[in-house]
1. Before rounding to the nearest 500, sum -39500 (n - 2.57) across all DSSP H runs of length at least 4 in the chain and divide by the residue total; then give [θ] at 222 nm in deg cm²/dmol.
2. How much of the accessible area of segment 189-244, in percent, comes from carbon and sulfur atoms when a 1.4 Å probe is used?
3. If you average the alpha carbon positions of segment 166-221 and of segment 125-148, how far apart do those two centres end up, in angstrom?
4. Loop only by DSSP, 10 or fewer other Cβ within 10 Å of the Cβ. Give me the chymotrypsin sites (Phe, Trp or Tyr not before Pro) in segment 28-125 that pass, ordered by residue number.
5. With everything on Cα atoms, drop me the angle between helix 213-224 and the longest principal axis of the chain, reported from 0 to 90° to the nearest 10.
6. Leaving out ligands, DNA and RNA, what percent of the accessible area of segment 356-428 is carbon and sulfur, probe 1.4 Å?
7. Within straight cross-link reach of Lys86, meaning Cα distance under 28 Å, which lysines are found once same-chain residues fewer than 8 apart are removed?
8. Using only Cα atoms, tell me the angle between helix 167-184 and the longest principal axis of the chain; keep it within 0 to 90° and round to the nearest 10.
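The values are calculated or read from the model by the stated rules, or taken from the named source; none is laboratory data. What you see is a predicted model, and the numbers here were worked out from it, not measured in a lab. Neighbour counts run over all protein chains shown; Cβ positions are idealised from the backbone, glycine included. Protein only, heavy atoms only, side chains kept; ligands, DNA and RNA dropped before computing areas. Shrake-Rupley method; radii C 1.70, N 1.55, O 1.52, S 1.80 Å.
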Amino acid sequence: MKNFIISLTALLLVFATSCNEMDQYPHNAVSSDNLTEEDARLLLTGLYFYMQNKPTANGYLTQDVVGGELVRGGATGLKDPILLVKDLVTPESGFVSGPWDGFYTALYQVNSLIVSLNKLPDTASRNEILGVASFFRGLLYYNLVSRYGEVPILEAPVSGDIAASSEAEGWSFVEKNFQTAIDYAPVFTDKNYVSKQAAKALMARTKLAQGKLAEAAKLAEEVIGDVNFSLADFDQIFRGKANREEIFTFANLLNESSVNLSASLYSRSSANGGSYTYAPTTKVMNMFEPDDKRTAISVDMQETNEVINKYPGGEVTTDPIIITRLGEMYLISAEAQGLAKGLGRLNELRKFRGLPAVHPATEGEFIDAILQERRVELLAEGFRWFDLVRLNRLESDLGFERKYNRLPIPAKERSLNKLLNQNSYWTN
């Protein structure tokens, strides 16, 4: 990924202070009436910067924290994952509002570009930019809908109070954007750039989230069968080596990044240092089977500190942020096809990771096996909580109240947007 640290000057949309995160005005931007395709491409480069940075480190780690996989690091931190979640997940907390703010800040940029693109002639080059921008909007709304449920759907920069749409309308909007990306985004050339294949992978994820299993399986199988991709070992994926597993990854280079996952996950005992904000639970440390090739790259001991080991930069440097990779597609295909047809995909992945085949006898046992494999394969990549939510397992597996199946709409945002009601999970 080329260096795009804020060298775009007037072409980047710089924000002025505004009344809420959905109501922001650029005071230094190219006029949408005079935008050229060259301008649009420079603005698109800026979107990569906003998209990788605005969720914040907590935004990337939300699902692993709320999914009960992480506790406070250090000797005095909260060691009960349930108590930690109850402490962090409130309408007033920055843990909840920070990612919301980031998603809508990035959305303003994306929508500004899409509105400008819609005024340009309908050319292949313009449509390619539209495909990438739509991918980003789909990704933003996937995160918003899966976390908060009922959220405002915005297709253009707006001002004023806006009511939330239904969750079903939100999912439909996610699909609409990923379909535009599938239609128009460029074909895969590099994991650090949006592609049709990346859009197809996230559409498979979206279909699975809604229980549209046949469609999810078909899309995942198309990505698995793509000649650009093949499974790779974890030391290649998470240690910066060449591999063909990553489908889309934010480069997250040190000189352009404000997100450092490793600093939150590594301890002072590591060679690169770390704040050790979060540590894996004892269950996470012990969940790996003997001979699992993923173990050493997933978790480690730094003196007496148990750590997540997928992001090794510590405080010295940043690490790439993987958005989607082939291992996820194997698990989507397996789950969506069910025991009879999907078991082969599950065991194919397990064999590649050094593990023996599993032989569940019922669909229930098969889902248990899928959920466990996703837990191990995708640890600290932002999946665990929503996996439990979409499979109706959060309350039974972790003992949470029903309301924790969604994050609350931030109180700060509701105070600024008088039409924005709290979602139904946190009002009942």
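1. The helix-only estimate for the chain comes to -15000 deg cm²/dmol at 222 nm.
2. After summing per-atom areas, the C and S share lands at 51 percent.
3. First find each Cα centre; the distance between them is then 10 Å.
4. For chymotrypsin sites (Phe, Trp or Tyr not before Pro) across segment 28-125 that sit outside H, G, I, E and B with at most 10 neighbouring Cβ atoms in 10 Å, the list is empty.
5. 90
6. Answer for segment 356-428: carbon and sulfur cover 49 percent of the accessible area.
7. Reachable lysines: Lys54, Lys283, Lys310, Lys403, Lys412, Lys418.
8. 80
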